[in-house]
Amino acid sequence: MITSVLVANRGEIACRIFRTCAELGIRTVAVHSDPDANALHTRVADTAVRLPGAAPADTYLRADMIVKAAVASGADAVHPGYGFLSENADFARAVLDAGLVWIGPPPGAIEAMASKTRAKELMGLAPLRDVTPSDLPVLVKAAAGGGGRGMRVVRRLEDLADALESARAEAASAFGDGEVFVEPYVEDGRHVEVQILADIHGTVWALGTRDCSLQRRHQKVIEEAPAPGLPEGLTEELRALAVRAARAVDYVGAGTVEFLVAEGRAHFLEMNTRLQVEHPVTEAVFGLDLVAEQIRVAEGHPLPEDPPHARGHAVEARLYAEDPATGWTPQTGTLHHLALPASVRLDTGYTDGDDIGVHYDPMLAKVVAHAPTRAEALRKLAGALETATIHGPVTNRDLLVNSLRHKEFTTARMDTGFYDRHLPELTETVPDPYAPLAAALADAVGRSRFGGWRNLHSAPQTKRYAMAGEEHEVHYRHTREGPEVDGVRVVHADASRVVLEVAGVQRKFEVARYGDEVYVNNTAIKRLPRFPDPTAQHAPGSLLAPMPGTVVRVADGLMEGSAVEAGQPLLWLEAMKMEHRITAPVTGTLTALDAVPGQQVTVGALLAVVQPT
């Protein structure tokens, strides 16, 4: 009987596993890097152990330190979560050799399936060895791990070498394994997967299907269960293939078999020998707690012969701290407030006031809606996200809401190329033009600036604000009745709430302040000084760091005086375990190169200057 579980992971998945352990009466142990010393998963666990000595990005890859932490803390079992060491057979063996229970599949099954190259060979497939122009497009893919890291689509043979190099670097950073392989890239297919659960007694459940076709940069964004619109015969084929894969390696525990479905055919992709990020949609549809089932299986309990019946439809959206206006760069800073309606499930590794750092994945939360029908689930999730309070770094919230309401998605005609076709239209946002005025009125009332009216008609007050990258100027006057704005009736104004009547329609604005940061109905607004600072400008052609991170490499042969072309890669930044390419903004001459490999940079740091031709 398991009495204490150490979770060899961090953030959202660690918190999610701890929640189930608490319900089962199991003591919990967290491990943490130095930046995570005060992270939510560390705070909610019964016991926490610091992992010393490693760089923050590599801390959770140190199997030796994690096993020592489990033994020292008195844990009798280890749950790997997902990512990091979750598909590392050597780690599983180290846990077992230490006399601990491994809440996962046998090491042999991990070895057979966790490497995508070996998994394909087991299923009678093989990666491409020598790529020719006729093979294109192809996909460079990390042999270990998942989450879209270490993946590159290559459409020109001359781009293959660079794709291999960058994919290897990203895979090594994320998973501790730089092996990559190349396979044909099937365009316009659907990403469909089957959740499996197996026990040591030979029972294997295939818990329906999930569709994860909405992906950006090979990173899943929205997932749902069951996969909509599949013919019954194809669904049964997918389930049978998943069970076959599990039985081929004597699988035990929870896992996922992934396919690409195109033209009515199923193409095997890989088997993930762990719990998936999107497992909550399967839990919602089948009324299961997959973590609880993993623990019971690890204790040796048999599964019932038949799985529970599916009911309704569930959809999950991944909320990321990333800015579409700056090339989807990860965002850091304080998460001041995150709140969603109680009608949806919220899985997160953050709470109000937590800091979102640079070292790890930028996912803030997973939001899940379950309803009797797909249409109801989509509407429920879109509404919950739209009305959510998110005060902090910029997120992909608008992308999620717009995607859930897009006709191609609501009619289940999507594929993995959905965002290639629709990303610009899905990220177009029109901020409320009256939000800066609401900010100014709330600020003035909060600071008691409406007192001292005079009989003489006063000159208007003028304030400048920045919103969505644009500058806005607002004007209002002091009167006996309160603030007055041309063309707008101020119905109510206090420090936290403003109501304006525009063309006979009342507009309501909730205003929140956190130091110098102001949010009006979730829109971040910054008060600008009365006069612009002329010294704050950079020279034309300046390349500024779009995020805090580490310079991992500079293009070969690049030096001051080099001629560069617009769009040419100059250097690469690593932030949150992913590489971000920094390119020349114009064609010209490199007149300054301040970045060097290994250098830590902050947002806005000058990296290089390209003098236009």
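Is the stretch 563-577 home to any residue that is modelled with pLDDT under 90, buried (at least 16 other Cβ atoms within 10 Å of the Cβ), in contact with a Lys or Arg (Cβ under 7 Å, 6 or more places away or on another chain) and among the charged types (D, E, K, R)?
For the stretch 563-577, residues modelled with pLDDT under 90, buried (at least 16 other Cβ atoms within 10 Å of the Cβ), in contact with a Lys or Arg (Cβ under 7 Å, 6 or more places away or on another chain) and among the charged types (D, E, K, R): present.
Yes or no, residue by residue, for (1) touching a Lys or Arg at 6+ places or on another chain (Cβ under 6 Å); (2) over 24 Å from LEU241 (Cα atoms); (3) not acidic (Asp, Glu):
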site	(1), (2), (3)
SER73	no, yes, yes
VAL78	no, yes, yes
TYR82	yes, no, yes
ALA109	no, no, yes
MET113	no, no, yes
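Can you find a residue in the stretch 269-287 that is under 27 Å from THR3 (Cβ atoms), in a helix (DSSP H, G or I) and not charged (D, E, K, R)?
Yes, some residue in the stretch 269-287 is under 27 Å from THR3 (Cβ atoms), in a helix (DSSP H, G or I) and not charged (D, E, K, R).
Please specify each residue of the stretch 1-26 satisfying the condition of being of a type in the set (Asp, Glu) and over 15 Å from LEU288 (Cα atoms).
GLU12 - this is the single residue of the stretch 1-26 that is of a type in the set (Asp, Glu) and over 15 Å from LEU288 (Cα atoms).
So is ALA75 buried (at least 24 other Cβ atoms within 10 Å of the Cβ) and more than 28 Å from the chain's Cα centre (by Cα) or not?
Against the criterion (buried (at least 24 other Cβ atoms within 10 Å of the Cβ) and more than 28 Å from the chain's Cα centre (by Cα)), ALA75 qualifies.
When only residues in the stretch 341-390 that are in contact with a helix residue (DSSP H, G or I) (Cβ under 6 Å, 6 or more places away or on another chain), among the small types (Gly, Ala, Ser) and not in a helix (DSSP H, G or I) count, which is farthest from GLU322 (Cα to Cα)?
Per the criteria, the residue is ALA371.
Would you tally the residues in the stretch 215-252 being of a type in the set (Lys, Arg) and either in a strand (DSSP E or B) or in contact with a Ser or Thr (Cβ under 9 Å, 6 or more places away or on another chain) (or both)?
Adding up the residues that qualify gives 3.
If you go through the stretch 377-388 one residue at a time, do you hit one that is touching a residue at least 24 places away in the same chain (Cβ under 8 Å), under 24 Å from VAL281 (Cβ atoms) and surrounded by fewer than 15 Cβ atoms within 10 Å (Cβ to Cβ)?
Yes, the conditions are met somewhere in the stretch 377-388.
Would the stretch 226-235 turn up any residue that is within 27 Å of the chain's Cα centre (by Cα), buried (at least 21 other Cβ atoms within 10 Å of the Cβ) and not small (Gly, Ala, Ser)?
Looking through the stretch 226-235, at least one residue is within 27 Å of the chain's Cα centre (by Cα), buried (at least 21 other Cβ atoms within 10 Å of the Cβ) and not small (Gly, Ala, Ser).
Cβ-Cβ under 8 Å, sequence separation 6+ or interchain: first residue in the stretch 52-67 and over 11 Å from PRO35 (Cα atoms), partner surrounded by 19 or more Cβ atoms within 10 Å (Cβ to Cβ) and among the small types (Gly, Ala, Ser). Which pairs?
Final answer for the pair search is ALA54/SER33; TYR60/ALA8; TYR60/SER33; ALA63/ALA94; ASP64/ALA94; ILE66/ALA8; VAL67/ALA94.
Looking at this structure, is VAL5 farther than 20 Å from ALA144 by Cβ and either among the charged types (D, E, K, R) or touching a residue at least 12 places away in the same chain (Cβ under 8 Å) (or both)?
Judged against the criteria, VAL5 is a match.
Which condition number does THR429 fail, the rest of (1) in a helix (DSSP H, G or I); (2) modelled with pLDDT under 95 being met?
Among (1) in a helix (DSSP H, G or I); (2) modelled with pLDDT under 95, THR429 violates only (1).
Taking the stretch 116-174 as the region of interest, how many residues are part of a strand (DSSP E or B) and either surrounded by 16 or more Cβ atoms within 10 Å (Cβ to Cβ) or touching a Ser or Thr at 6+ places or on another chain (Cβ under 6 Å) (or both)?
Adding up the residues that qualify gives 8.
Mind listing just one residue for me: the one in the stretch 35-63 that is surrounded by fewer than 19 Cβ atoms within 10 Å (Cβ to Cβ) and at pLDDT 95 or above and, of those, farthest from HIS359 (Cα to Cα)?
Taking the candidates together, the pick is ASP46.
Looking at the stretch 575-609, which of its residues are in a loop (DSSP other than H, G, I, E, B), touching an Asp or Glu at 6+ places or on another chain (Cβ under 7 Å) and within 14 Å of VAL552 (Cα to Cα)? Outline the logic, then answer.
So the first thing to find is which residues in the stretch 575-609 are in a loop (DSSP other than H, G, I, E, B), and the list is 576-577, 584-587, 594-599, 602-605.
Subset that is touching an Asp or Glu at 6+ places or on another chain (Cβ under 7 Å): 576-577, 584, 587.
Once the filter is applied, which keeps residues that are in a loop (DSSP other than H, G, I, E, B), touching an Asp or Glu at 6+ places or on another chain (Cβ under 7 Å) and within 14 Å of VAL552 (Cα to Cα), the stretch 575-609 yields MET576, LYS577.
Going through the stretch 21-38 one residue at a time, which ones are in contact with a helix residue (DSSP H, G or I) (Cβ under 7 Å, 6 or more places away or on another chain) and not in a strand (DSSP E or B)?
LEU24, SER33, ASP36
Consider the stretch 80-124. How many of its residues are in contact with a His (Cβ under 9 Å, 6 or more places away or on another chain) and of a type in the set (A, V, I, L, M)?
Within the stretch 80-124, residues that are in contact with a His (Cβ under 9 Å, 6 or more places away or on another chain) and of a type in the set (A, V, I, L, M) number 1.
Is the stretch 398-408 home to any residue that is over 18 Å from the mean Cα position of the chain (by Cα) and either modelled with pLDDT under 95 or part of a helix (DSSP H, G or I) (or both)?
yes
Under the condition of being under 17 Å from the mean Cα position of the chain (by Cα) and basic (Lys, Arg), which residue from the stretch 341-375 is surrounded by the fewest Cβ atoms within 10 Å (Cβ to Cβ)?
ARG345
If ASP58 passes every condition in (1) over 22 Å from ARG274 (Cβ atoms); (2) out of contact with any Leu (no Cβ under 9 Å at 6 or more places or on another chain) but one, which one does it miss?
(1)
Does LEU100 meet the test of being modelled with pLDDT of 90 or more, at negative phi, in contact with an Asp or Glu (Cβ under 8 Å, 6 or more places away or on another chain) and not aromatic (Phe, Trp, Tyr)?
On the way: modelled with pLDDT of 90 or more: yes; at negative phi: yes; in contact with an Asp or Glu (Cβ under 8 Å, 6 or more places away or on another chain): yes; not aromatic (Phe, Trp, Tyr): yes.
When the stated conditions are applied, LEU100 passes them.
The values are calculated or read from the model by the stated rules, or taken from the named source; none is laboratory data. Note that the structure is predicted; figures quoted are calculated from it, not measured. Using ideal geometry, Cβ is built from the backbone for each residue, glycine included, and neighbour counts are taken over all protein chains shown.
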